[in-house]
1. Take the residues in region 191-243 that are in a strand (DSSP E or B) and basic (Lys, Arg), then tell me which one is surrounded by the most Cβ atoms within 10 Å (Cβ to Cβ).
2. Going by the structure shown, is Val265 part of a strand (DSSP E or B) and under 26 Å from Asp305 (Cβ atoms)?
3. Check Ser190, Ser207 and return the single one that is polar (S, T, N, Q), under 22 Å from Gly275 (Cα atoms) and outside the structural domain of Ala75 (by TED's automatic domain parsing).
4. Hey, does region 137-155 have a residue that's part of a helix (DSSP H, G or I), modelled with pLDDT of 95 or more, surrounded by fewer than 17 Cβ atoms within 10 Å (Cβ to Cβ) and not assigned by TED's automatic domain parsing to the domain that holds Glu188?
5. Restrict the check to region 148-155 and report whether at least one residue is touching a residue at least 40 places away in the same chain (Cβ under 8 Å), under 18 Å from the mean Cα position of the chain (by Cα) and under 19 Å from Arg220 (Cβ atoms).
6. Please list, ordered by first then second residue, the pairs with beta carbon atoms under 9 Å, 6 or more apart or interchain, first in region 36-53 and free of Cβ contacts under 8 Å to residues at least 40 places away in the same chain and over 12 Å from Asn96 (Cβ atoms), second among the aromatic types (Phe, Trp, Tyr) and part of a loop (DSSP other than H, G, I, E, B).
7. Please give the number of the condition Asn77 fails out of (1) under 29 Å from the mean Cα position of the chain (by Cα); (2) on the phi < 0 side of the Ramachandran plot.
8. Please go through region 305-333 and give me each residue that is modelled with pLDDT under 55 and in a loop (DSSP other than H, G, I, E, B), ordered by number.
Amino acid sequence: METRVLIGLTVLIGALFSFGIAGCSENSGTAQVELGTGPAGVPGSRFTDPDVEIDLSADIIQWEVLDGEFIEVWAYNRQYPGPEIRVKEGQKIRINLTNNLPEATTIHWHGLEIPNDQDGVPGFTQPAVPPGGIWTYEFVAPKPGTSMYHTHSNTVRQLSKGMFGAFIIDPSEPQTEYAREYTLLLHEISGFYTVNGHSFPKTLENSLLELASGDKILVRMINAGQEHHPMHLHGHQFRVVQLDGNPMPAPLTVNTQDIAPGQTVDVEIDGSNPGTWVFHCHILPHVTNKGQYPGGMLLALDYTDHTSYFDEQAAAQSVSPNPLATTEATRSPSTDPVAQGQAVFTGSGTCAACHTIEGVSGAAGTVGPNLTHIGTVAASRKESISAEEYIRESIRSPSAFVVAGFNAVMPSLSAALTTEELDNLVEFLLSRK
């Protein structure tokens, strides 16, 4: 009997030294935590002094996935995705779930090595939490890495409706330092492909990746959906440094990395090529909004020390918010219709703000097409009407009468001008044919 006891103690001690105390990584330096054995789901059953306590509620909300486009989402704390949980290894974590859904639910801690009765699978490790019910999870944060949490009750419906969030465990001692860190949660919902709850172009508001030349940033990508997403970055290679929360012994250098459903991938990006670069899923239907391109999982990597396309567009708008507007001071008092039309053309903020025409240059003539002989072009393209009619209708309805230089903003021109001024502008353009 004594021999058996000694052997048993030897095996137990060996296991503890080989694999680390439960809740602590091998080299974390954190103190051993002795967990209680009370009933699961009750606050204080595992410890009475949590380092981090978080309240999560499960609710049904309306979420603006695009400007003016709302969808139904089942959400944690009325957010899609749910709030990011960020803790340190070895910390004692308490999370209280309140179920405000019309059906039962639970939370699964995806990728975390925690006690079995905290895993959140109804019928296997706990009872489902009924509508109106409350359940408490208590565990010690294990090894550092990128993970997630999500529902594990009626998962096909609830997960597809948005019940997930990021769970980040930082090392107890700082390791690699990054200029910035970003977390991108990939998902599909109601015909939209989303990153952090939004589709392009709204992704540029809440998921724009920024860095400066010489910076190194970390981007954590989490696939909470049910489709593969090969994420491709233009103009750069990046290093895959972690898969499913596990460090890569030899980081993989690529520019496209597939992320499987349920997988997490961490990549490092060096600021080595200034510009504004597209970062997107390379399955093309995934960069659409209900089939309309561009949309979906389309992001941008933008250098803060580079004058980007976004900056140029913003500057252009600030100089001339309404490039078609004219003022009384810029309108010619001449009685000659052609001269008056030329004055309208060259007036501040009108045609010459974007275009040139033979013999008449505007302040920003290189922006748009040259309008020389526009009347001749018009007449050749629409033989059933006169050049005058064509130009006039092109200004009013450019989608129906497409001529170089007349685009989607042209209807505003006819609204900004009087009938006489519009007539004179047409006369001026016709005089150039």
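The values are calculated or read from the model by the stated rules, or taken from the named source; none is laboratory data. Just so we're clear, the structure is a prediction, and the values are computed from it rather than from any experiment. FYI the Cβ positions are ideal-geometry reconstructions off the backbone, even for glycines, and counts take in every protein chain you see.
1. Ranking the candidates gives Arg220 first.
2. no
3. Values: Ser190 fails: under 22 Å from Gly275 (Cα atoms).
Matching residue, one of Ser190, Ser207: Ser207.
4. yes
5. Checked region 148-155: at least one residue is touching a residue at least 40 places away in the same chain (Cβ under 8 Å), under 18 Å from the mean Cα position of the chain (by Cα) and under 19 Å from Arg220 (Cβ atoms).
6. Taking only residues 6 or more apart or on different chains, the pairs are Gly36/Phe47.
7. The number of the failed condition is (2).
8. Ser320, Pro321, Asn322, Pro323, Leu324, Ala325, Thr326, Thr327, Arg331, Ser332, Pro333 - these are the residues of region 305-333 that are modelled with pLDDT under 55 and in a loop (DSSP other than H, G, I, E, B).
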